[in-house]
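The values are calculated or read from the model by the stated rules, or taken from the named source; none is laboratory data. Bear in mind that the values here come from a model prediction, so they are computed numbers and not experimental data. FYI the Cβ positions are ideal-geometry reconstructions off the backbone, even for glycines, and counts take in every protein chain you see. Accessible surface areas use protein heavy atoms only, side chains included; no ligands, DNA or RNA. Shrake-Rupley method; radii C 1.70, N 1.55, O 1.52, S 1.80 Å.
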Amino acid sequence: MITPLMPNYARSELAFERGEGCWLVTADGRRVLDFGAGIAVNVLGHAHPHLVEALTEQAKKVWHVSNLHNVPDAERLAKRLIDATFADSVLFCNSGAEANEGAIKMARKYHASRGEENRYRIVTFEGAFHGRTLATIAAGGQKKYLEGFGPKVEGFDQVPFGDRKALEALIGPDTAALMIEPVQGEGGLREVPTEELRYLRDLCDRHGMLLIFDEVQTGVGRTGKLFAYEWAGIAPDIMSIAKGIGGGFPLGAVLAVEKCAAVFTPGTHGTTFGGNPLAMAVGNAVLDVVLAPGFMEDVQRKSLLFKQKLAGLVDQHPKVFESVRGAGLLTGLRCVLPNGDVTAELRKENLLVVPAGDNVIRLIPPLNVSDAEIDIAVGMLDKAARNLEATLVRGAAE
Ligand SMILES: *Cc1c(COP(=O)(O)O)cnc(C)c1O
(Lines give C-alpha, C1' and ligand atoms only; values in the text may rest on other atoms or scores of the structure.)
Protein backbone atom coordinates (compact mmCIF):
# COMPACT_ATOMS: atom_id res chain seq x y z
CA MET A 1 0.00 0.00 0.00
CA ILE A 2 1.21 3.48 -0.76
CA THR A 3 2.58 5.47 2.17
CA PRO A 4 0.94 8.80 3.12
CA LEU A 5 4.13 10.55 2.02
CA MET A 6 5.12 9.69 -1.52
CA PRO A 7 7.95 7.18 -1.67
CA ASN A 8 10.53 9.41 -3.41
CA TYR A 9 12.82 9.61 -0.35
CA ALA A 10 14.68 6.92 1.58
CA ARG A 11 14.33 8.46 5.03
CA SER A 12 16.32 7.44 8.10
CA GLU A 13 14.56 6.07 11.19
CA LEU A 14 15.11 9.37 13.02
CA ALA A 15 12.49 12.00 13.83
CA PHE A 16 13.35 15.12 15.78
CA GLU A 17 11.25 17.07 18.19
CA ARG A 18 13.52 20.06 18.62
CA GLY A 19 16.97 21.44 17.97
CA GLU A 20 19.51 23.47 19.91
CA GLY A 21 22.43 24.91 17.95
CA CYS A 22 24.28 22.02 16.29
CA TRP A 23 22.20 19.39 18.12
CA LEU A 24 18.92 17.72 17.24
CA VAL A 25 16.86 15.94 19.88
CA THR A 26 14.36 13.11 19.31
CA ALA A 27 11.10 12.79 21.26
CA ASP A 28 12.71 10.18 23.54
CA GLY A 29 15.67 12.44 24.31
CA ARG A 30 18.37 11.06 21.99
CA ARG A 31 20.80 13.87 21.10
CA VAL A 32 22.34 13.83 17.65
CA LEU A 33 25.13 16.12 16.41
CA ASP A 34 23.98 17.69 13.16
CA PHE A 35 26.86 17.92 10.66
CA GLY A 36 24.37 17.79 7.79
CA ALA A 37 22.60 21.03 8.73
CA GLY A 38 19.56 20.07 6.69
CA ILE A 39 21.83 19.80 3.61
CA ALA A 40 23.85 22.99 4.18
CA VAL A 41 20.74 24.99 5.07
CA ASN A 42 20.86 25.62 8.82
CA VAL A 43 23.89 27.93 8.69
CA LEU A 44 23.21 29.12 12.25
CA GLY A 45 22.06 25.78 13.60
CA HIS A 46 18.67 25.12 15.14
CA ALA A 47 16.52 27.55 17.10
CA HIS A 48 19.04 30.39 16.91
CA PRO A 49 17.57 33.06 19.26
CA HIS A 50 18.03 35.94 16.80
CA LEU A 51 16.30 34.03 13.99
CA VAL A 52 13.51 32.80 16.25
CA GLU A 53 12.85 36.35 17.39
CA ALA A 54 12.89 37.78 13.85
CA LEU A 55 10.43 35.15 12.62
CA THR A 56 8.04 35.29 15.57
CA GLU A 57 7.99 39.08 15.67
CA GLN A 58 7.19 39.18 11.95
CA ALA A 59 4.57 36.42 12.36
CA LYS A 60 2.59 38.72 14.65
CA LYS A 61 2.53 41.47 12.01
CA VAL A 62 2.00 40.24 8.43
CA TRP A 63 2.91 36.97 6.70
CA HIS A 64 2.19 37.45 3.04
CA VAL A 65 1.04 40.25 0.78
CA SER A 66 2.23 39.00 -2.68
CA ASN A 67 4.42 40.92 -5.07
CA LEU A 68 1.52 43.19 -5.98
CA HIS A 69 2.72 45.38 -3.10
CA ASN A 70 5.94 46.66 -1.59
CA VAL A 71 7.71 44.60 1.03
CA PRO A 72 10.12 47.01 2.75
CA ASP A 73 12.18 44.20 4.28
CA ALA A 74 12.67 42.71 0.80
CA GLU A 75 14.12 45.99 -0.41
CA ARG A 76 16.33 46.09 2.65
CA LEU A 77 17.58 42.52 2.17
CA ALA A 78 18.20 43.16 -1.54
CA LYS A 79 20.23 46.30 -0.74
CA ARG A 80 22.31 44.44 1.80
CA LEU A 81 23.05 41.62 -0.68
CA ILE A 82 23.96 44.20 -3.32
CA ASP A 83 26.31 46.00 -0.91
CA ALA A 84 28.00 42.71 -0.06
CA THR A 85 28.40 41.37 -3.63
CA PHE A 86 28.96 42.10 -7.34
CA ALA A 87 25.20 42.38 -7.91
CA ASP A 88 23.14 45.43 -8.83
CA SER A 89 19.70 43.88 -8.34
CA VAL A 90 18.03 40.91 -6.64
CA LEU A 91 15.00 38.69 -7.31
CA PHE A 92 13.65 36.61 -4.42
CA CYS A 93 12.15 33.16 -4.81
CA ASN A 94 11.67 30.06 -2.68
CA SER A 95 14.25 27.41 -3.52
CA GLY A 96 17.49 26.63 -5.26
CA ALA A 97 15.91 25.11 -8.33
CA GLU A 98 13.61 28.11 -8.67
CA ALA A 99 16.59 30.46 -8.38
CA ASN A 100 18.35 28.52 -11.15
CA GLU A 101 15.24 28.61 -13.33
CA GLY A 102 15.26 32.38 -12.89
CA ALA A 103 18.95 32.57 -13.74
CA ILE A 104 18.51 30.44 -16.86
CA LYS A 105 15.51 32.45 -18.04
CA MET A 106 17.37 35.71 -17.41
CA ALA A 107 20.40 34.58 -19.45
CA ARG A 108 18.17 33.58 -22.37
CA LYS A 109 16.11 36.76 -22.19
CA TYR A 110 19.26 38.87 -22.08
CA HIS A 111 20.35 37.68 -25.51
CA ALA A 112 16.80 37.71 -26.90
CA SER A 113 16.41 41.32 -25.83
CA ARG A 114 19.48 42.13 -27.90
CA GLY A 115 17.97 40.55 -30.99
CA GLU A 116 19.61 37.14 -30.57
CA GLU A 117 16.55 34.92 -29.97
CA ASN A 118 18.42 31.81 -31.05
CA ARG A 119 21.19 32.33 -28.55
CA TYR A 120 19.74 30.24 -25.73
CA ARG A 121 22.12 27.33 -25.16
CA ILE A 122 23.76 26.98 -21.77
CA VAL A 123 26.90 24.98 -21.09
CA THR A 124 27.11 23.08 -17.80
CA PHE A 125 29.67 20.73 -16.30
CA GLU A 126 29.73 17.01 -15.70
CA GLY A 127 28.80 16.10 -12.13
CA ALA A 128 26.78 19.30 -11.74
CA PHE A 129 23.62 19.55 -9.70
CA HIS A 130 21.26 22.45 -10.27
CA GLY A 131 17.91 21.16 -8.93
CA ARG A 132 14.98 18.89 -9.81
CA THR A 133 12.73 20.93 -12.09
CA LEU A 134 12.58 20.01 -15.78
CA ALA A 135 15.08 22.69 -16.83
CA THR A 136 17.44 22.16 -13.92
CA ILE A 137 17.64 18.38 -14.42
CA ALA A 138 18.52 19.14 -18.04
CA ALA A 139 21.17 21.57 -16.79
CA GLY A 140 22.54 19.01 -14.32
CA GLY A 141 22.61 16.46 -17.11
CA GLN A 142 22.58 13.42 -14.82
CA LYS A 143 20.91 10.40 -16.39
CA LYS A 144 19.47 9.12 -13.10
CA TYR A 145 17.50 12.36 -12.64
CA LEU A 146 16.40 12.66 -16.29
CA GLU A 147 15.17 9.12 -16.91
CA GLY A 148 11.44 8.67 -17.37
CA PHE A 149 10.55 12.34 -17.49
CA GLY A 150 10.15 12.74 -21.22
CA PRO A 151 12.36 14.69 -23.58
CA LYS A 152 15.16 16.58 -21.89
CA VAL A 153 14.57 20.34 -21.97
CA GLU A 154 16.37 21.62 -25.05
CA GLY A 155 19.35 23.94 -24.87
CA PHE A 156 21.78 22.45 -22.37
CA ASP A 157 25.19 21.12 -23.33
CA GLN A 158 27.52 19.44 -20.90
CA VAL A 159 31.30 19.20 -20.90
CA PRO A 160 33.65 17.11 -18.73
CA PHE A 161 34.88 18.83 -15.59
CA GLY A 162 37.99 20.91 -16.36
CA ASP A 163 38.25 19.97 -20.06
CA ARG A 164 39.01 23.29 -21.78
CA LYS A 165 39.33 21.76 -25.25
CA ALA A 166 35.88 20.17 -25.11
CA LEU A 167 34.42 23.38 -23.75
CA GLU A 168 35.87 25.61 -26.45
CA ALA A 169 34.83 23.14 -29.14
CA LEU A 170 31.26 23.28 -27.90
CA ILE A 171 30.87 27.04 -27.78
CA GLY A 172 29.06 28.50 -30.76
CA PRO A 173 27.08 31.58 -31.73
CA ASP A 174 24.04 30.10 -29.97
CA THR A 175 25.80 29.72 -26.61
CA ALA A 176 24.19 32.12 -24.16
CA ALA A 177 25.95 31.30 -20.91
CA LEU A 178 28.10 28.98 -18.85
CA MET A 179 26.66 27.75 -15.57
CA ILE A 180 28.79 26.24 -12.81
CA GLU A 181 29.01 25.57 -9.08
CA PRO A 182 32.32 26.98 -7.76
CA VAL A 183 32.48 23.85 -5.59
CA GLN A 184 30.28 20.96 -6.66
CA GLY A 185 28.03 20.03 -3.76
CA GLU A 186 25.94 16.98 -4.64
CA GLY A 187 28.62 15.96 -7.16
CA GLY A 188 31.12 15.19 -4.37
CA LEU A 189 32.70 18.46 -3.16
CA ARG A 190 34.84 18.90 -6.24
CA GLU A 191 36.42 22.36 -6.16
CA VAL A 192 36.83 24.31 -9.37
CA PRO A 193 40.39 25.68 -9.19
CA THR A 194 40.68 29.47 -8.99
CA GLU A 195 42.56 29.69 -12.29
CA GLU A 196 39.77 27.70 -13.95
CA LEU A 197 37.09 30.12 -12.70
CA ARG A 198 39.18 33.04 -14.00
CA TYR A 199 39.56 31.29 -17.32
CA LEU A 200 35.77 30.81 -17.55
CA ARG A 201 35.24 34.50 -16.80
CA ASP A 202 37.68 35.42 -19.55
CA LEU A 203 36.12 32.95 -21.98
CA CYS A 204 32.66 34.44 -21.36
CA ASP A 205 33.96 37.97 -21.88
CA ARG A 206 35.64 37.00 -25.15
CA HIS A 207 32.48 35.38 -26.54
CA GLY A 208 29.86 37.75 -25.12
CA MET A 209 28.48 34.92 -22.99
CA LEU A 210 27.11 35.29 -19.48
CA LEU A 211 28.69 33.56 -16.50
CA ILE A 212 26.22 32.04 -14.05
CA PHE A 213 27.40 30.77 -10.67
CA ASP A 214 25.16 28.39 -8.80
CA GLU A 215 26.01 29.25 -5.20
CA VAL A 216 22.95 27.57 -3.75
CA GLN A 217 25.19 25.37 -1.62
CA THR A 218 28.48 27.33 -1.52
CA GLY A 219 26.88 30.67 -0.63
CA VAL A 220 26.25 32.52 2.62
CA GLY A 221 29.57 31.79 4.28
CA ARG A 222 29.82 28.06 3.62
CA THR A 223 33.33 28.30 2.10
CA GLY A 224 34.60 30.93 4.55
CA LYS A 225 33.69 33.92 2.38
CA LEU A 226 30.16 35.23 2.03
CA PHE A 227 30.23 33.77 -1.50
CA ALA A 228 32.71 31.31 -2.99
CA TYR A 229 33.38 33.45 -6.08
CA GLU A 230 35.22 35.93 -3.83
CA TRP A 231 38.11 33.47 -3.46
CA ALA A 232 38.74 33.65 -7.22
CA GLY A 233 38.83 37.44 -7.43
CA ILE A 234 36.32 37.44 -10.29
CA ALA A 235 32.54 37.72 -10.31
CA PRO A 236 29.72 36.13 -12.28
CA ASP A 237 27.02 38.06 -14.15
CA ILE A 238 24.23 36.09 -12.52
CA MET A 239 24.26 34.08 -9.29
CA SER A 240 21.65 31.81 -7.76
CA ILE A 241 21.51 31.35 -4.00
CA ALA A 242 19.15 29.54 -1.63
CA LYS A 243 19.91 26.98 1.11
CA GLY A 244 21.85 29.07 3.67
CA ILE A 245 20.25 32.47 3.12
CA GLY A 246 17.03 31.40 4.86
CA GLY A 247 18.77 29.57 7.71
CA GLY A 248 16.03 26.91 7.43
CA PHE A 249 13.20 29.07 6.12
CA PRO A 250 12.55 28.42 2.39
CA LEU A 251 14.24 31.29 0.56
CA GLY A 252 16.13 31.63 -2.69
CA ALA A 253 17.36 34.53 -4.78
CA VAL A 254 18.83 35.48 -8.13
CA LEU A 255 21.52 38.16 -7.95
CA ALA A 256 22.60 39.88 -11.15
CA VAL A 257 24.45 42.77 -12.72
CA GLU A 258 22.29 45.55 -14.12
CA LYS A 259 22.40 44.60 -17.81
CA CYS A 260 20.99 41.15 -16.96
CA ALA A 261 18.53 42.15 -14.24
CA ALA A 262 17.10 44.87 -16.50
CA VAL A 263 15.56 42.29 -18.86
CA PHE A 264 13.11 41.18 -16.16
CA THR A 265 10.62 43.92 -16.96
CA PRO A 266 7.08 43.76 -15.51
CA GLY A 267 5.32 40.56 -16.53
CA THR A 268 8.38 38.65 -17.76
CA HIS A 269 8.92 36.50 -14.68
CA GLY A 270 7.34 36.02 -11.29
CA THR A 271 6.50 34.04 -8.19
CA THR A 272 3.62 34.27 -5.75
CA PHE A 273 5.50 33.54 -2.54
CA GLY A 274 8.99 34.87 -3.40
CA GLY A 275 10.21 37.56 -1.00
CA ASN A 276 7.33 37.31 1.44
CA PRO A 277 7.63 39.15 4.77
CA LEU A 278 8.34 36.03 6.83
CA ALA A 279 11.16 34.93 4.55
CA MET A 280 12.57 38.45 4.40
CA ALA A 281 12.59 38.80 8.19
CA VAL A 282 14.62 35.60 8.48
CA GLY A 283 16.94 36.45 5.57
CA ASN A 284 17.79 39.79 7.17
CA ALA A 285 18.36 38.11 10.51
CA VAL A 286 20.75 35.57 8.93
CA LEU A 287 22.74 38.44 7.39
CA ASP A 288 22.85 40.25 10.77
CA VAL A 289 24.85 37.33 12.12
CA VAL A 290 26.99 36.22 9.18
CA LEU A 291 27.98 39.78 8.24
CA ALA A 292 29.04 40.62 11.81
CA PRO A 293 32.77 41.44 12.08
CA GLY A 294 34.92 38.36 12.57
CA PHE A 295 32.25 35.79 11.66
CA MET A 296 33.82 34.70 8.34
CA GLU A 297 37.34 34.70 9.81
CA ASP A 298 36.08 32.35 12.49
CA VAL A 299 34.55 30.05 9.85
CA GLN A 300 37.92 30.01 8.06
CA ARG A 301 39.80 29.25 11.27
CA LYS A 302 37.43 26.43 12.23
CA SER A 303 37.51 24.92 8.77
CA LEU A 304 41.31 24.68 8.88
CA LEU A 305 41.16 23.08 12.31
CA PHE A 306 38.51 20.62 11.09
CA LYS A 307 40.42 19.76 7.91
CA GLN A 308 43.61 19.02 9.87
CA LYS A 309 41.69 16.65 12.09
CA LEU A 310 40.01 15.03 9.11
CA ALA A 311 43.42 14.50 7.49
CA GLY A 312 44.44 12.73 10.71
CA LEU A 313 41.41 10.44 10.40
CA VAL A 314 42.36 9.58 6.81
CA ASP A 315 45.87 8.61 8.03
CA GLN A 316 44.47 6.49 10.86
CA HIS A 317 41.74 4.76 8.87
CA PRO A 318 42.95 4.21 5.29
CA LYS A 319 40.53 1.29 4.84
CA VAL A 320 37.56 3.57 5.54
CA PHE A 321 38.51 7.08 4.39
CA GLU A 322 40.48 7.99 1.28
CA SER A 323 40.93 11.78 1.32
CA VAL A 324 39.64 15.13 2.57
CA ARG A 325 37.47 17.13 0.19
CA GLY A 326 35.93 20.57 -0.03
CA ALA A 327 36.40 24.20 0.95
CA GLY A 328 35.64 26.03 4.17
CA LEU A 329 32.92 24.24 6.13
CA LEU A 330 31.73 22.60 2.92
CA THR A 331 33.99 19.74 3.90
CA GLY A 332 33.86 16.04 3.47
CA LEU A 333 35.66 12.76 3.21
CA ARG A 334 35.96 10.60 0.17
CA CYS A 335 35.35 7.09 1.44
CA VAL A 336 36.88 3.74 0.61
CA LEU A 337 33.87 1.84 1.95
CA PRO A 338 30.46 2.72 0.42
CA ASN A 339 29.46 6.20 1.67
CA GLY A 340 25.96 4.91 2.54
CA ASP A 341 27.46 2.37 4.97
CA VAL A 342 29.66 5.06 6.54
CA THR A 343 26.67 7.41 6.88
CA ALA A 344 24.60 4.70 8.60
CA GLU A 345 27.43 3.83 11.00
CA LEU A 346 27.89 7.51 11.88
CA ARG A 347 24.18 7.80 12.60
CA LYS A 348 24.59 4.98 15.14
CA GLU A 349 27.28 7.14 16.78
CA ASN A 350 24.83 10.09 16.78
CA LEU A 351 26.53 12.09 14.03
CA LEU A 352 24.51 13.23 11.02
CA VAL A 353 26.33 13.67 7.70
CA VAL A 354 25.11 13.85 4.11
CA PRO A 355 26.26 11.50 1.34
CA ALA A 356 27.33 13.06 -1.97
CA GLY A 357 28.42 11.76 -5.38
CA ASP A 358 31.85 10.24 -5.98
CA ASN A 359 31.53 8.21 -2.73
CA VAL A 360 31.87 11.27 -0.51
CA ILE A 361 30.28 12.09 2.84
CA ARG A 362 29.63 15.78 3.42
CA LEU A 363 30.46 17.25 6.83
CA ILE A 364 28.64 20.55 6.64
CA PRO A 365 27.90 21.75 10.16
CA PRO A 366 26.19 25.00 11.07
CA LEU A 367 28.74 27.79 10.57
CA ASN A 368 28.54 28.71 14.26
CA VAL A 369 29.73 25.22 15.29
CA SER A 370 32.13 25.36 18.25
CA ASP A 371 35.66 23.97 18.41
CA ALA A 372 34.42 21.54 21.07
CA GLU A 373 31.66 20.28 18.77
CA ILE A 374 34.21 19.75 15.99
CA ASP A 375 36.21 17.62 18.43
CA ILE A 376 33.12 15.62 19.35
CA ALA A 377 32.36 15.01 15.66
CA VAL A 378 35.95 13.88 15.02
CA GLY A 379 35.65 11.47 17.97
CA MET A 380 32.44 10.06 16.50
CA LEU A 381 34.06 9.68 13.08
CA ASP A 382 36.99 7.86 14.68
CA LYS A 383 34.68 5.52 16.61
CA ALA A 384 32.55 4.75 13.56
CA ALA A 385 35.68 4.06 11.49
CA ARG A 386 36.92 1.63 14.14
CA ASN A 387 33.55 -0.13 14.18
CA LEU A 388 33.66 -0.44 10.39
CA GLU A 389 37.23 -1.77 10.48
CA ALA A 390 36.19 -4.38 13.04
CA THR A 391 33.40 -5.48 10.68
CA LEU A 392 35.95 -5.79 7.87
CA VAL A 393 38.21 -7.95 10.03
CA ARG A 394 35.28 -10.16 11.02
CA GLY A 395 34.23 -10.39 7.36
CA ALA A 396 37.74 -11.49 6.36
CA ALA A 397 37.85 -14.14 9.12
CA GLU A 398 34.60 -15.76 8.04
C1 LIG B 1 20.46 22.07 -3.38
C2 LIG B 1 20.96 22.65 -4.65
C3 LIG B 1 20.08 23.07 -5.66
C4 LIG B 1 18.59 22.85 -5.58
O5 LIG B 1 18.03 23.54 -4.51
P6 LIG B 1 16.52 23.18 -4.08
O7 LIG B 1 16.24 24.19 -3.00
O8 LIG B 1 16.54 21.77 -3.59
O9 LIG B 1 15.66 23.36 -5.26
C10 LIG B 1 20.63 23.66 -6.77
N11 LIG B 1 21.94 23.84 -6.90
C12 LIG B 1 22.82 23.45 -5.95
C13 LIG B 1 24.27 23.70 -6.15
C14 LIG B 1 22.36 22.83 -4.80
O15 LIG B 1 23.22 22.42 -3.88
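Charge dipole (Cα centre; +1 on Lys/Arg Cβ, -1 on Asp/Glu Cβ; no other charges) of the chain amounts to roughly 300 debye.
Across the stretch 249-398, the volume of the C-alpha convex hull divided among the residues equals 167 Å³ per residue.
Computed over the stretch 237-287, the convex hull of the alpha-carbon atoms projects to a mean area of 3.9 nm². Ordering L255, A128, T265 by Cα displacement along the dipole of the stretch 49-290 toward the positive end leaves T265 in first place; charges were set at the Cβ atoms of Lys, Arg (+1) and Asp, Glu (-1). In this simple spin-label model, placing a label point 7 Å from the Cα along the Cα-to-Cβ direction at both E57 and A15 gives a separation of 3.4 nm. Within the accessible area of the chain, the carbon and sulfur atoms contribute 55%, probe 1.4 Å, all protein chains present. Here's the list of aspartates and glutamates a cross-link from K243 could span, going by alpha-carbon distance under 12 Å and ignoring same-chain residues fewer than 8 apart: E98, D214, E215. In the chain, helices alone account for a calculated mean residue ellipticity at 222 nm of -12000 deg cm²/dmol, with every DSSP H run of four or more residues adding -39,500 (n - 2.57).
Relative to its Kirkwood radius, the Cα radius of gyration of the stretch 157-309 gives an Rg/Rh of 0.99. With a threshold of 22 Å on the Cα-Cα distance, the over-threshold entries among K105/K259; K225/K307; K143/K307; K79/K259 are K143/K307. Taking each residue as 0.36 nm, the span from L68 to D83 lengthens on full extension beyond its C-alpha to C-alpha distance by 2.9 nm. Compactness of the stretch 112-188 is given as radius of gyration and Dmax, 12.8, 39 Å, from Cα positions.
Note: relative contact order over the chain, using C-alpha pairs below 8 Å and six or more positions apart, is 22 percent.
Averaging the Cα positions of each part gives two centres, and for the stretch 354-379 and the stretch 117-166 these lie 30 Å apart. Using only alpha carbons, the stretch 50-175 has a radius of gyration to Kirkwood radius ratio (Rg to Rh) of 1.07. Could you pull out which residues in the stretch 213-249 have an amide N less than 17 Å from a spot 7 Å beyond the Cα of Q300, following the Cα-Cβ vector? Within reach of a label on Q300, which here means backbone N under 17 Å from a point 7 Å along Cα→Cβ, the stretch 213-249 contributes 219-234. Straight Cα distances below 19 angstrom link K348 to the aspartates and glutamates E13, E17, D28, D34, E373, D375, D382, E389, with same-chain residues fewer than 8 positions distant left out.
Please grab the % of Cα pairs in the chain that end up more than 36 Å from each other. Roughly 25 percent, once rounded to a whole number.
As a ratio to 2.2 N^0.38 Å, the alpha-carbon radius of gyration computed for the stretch 252-312 takes the value 1.74.
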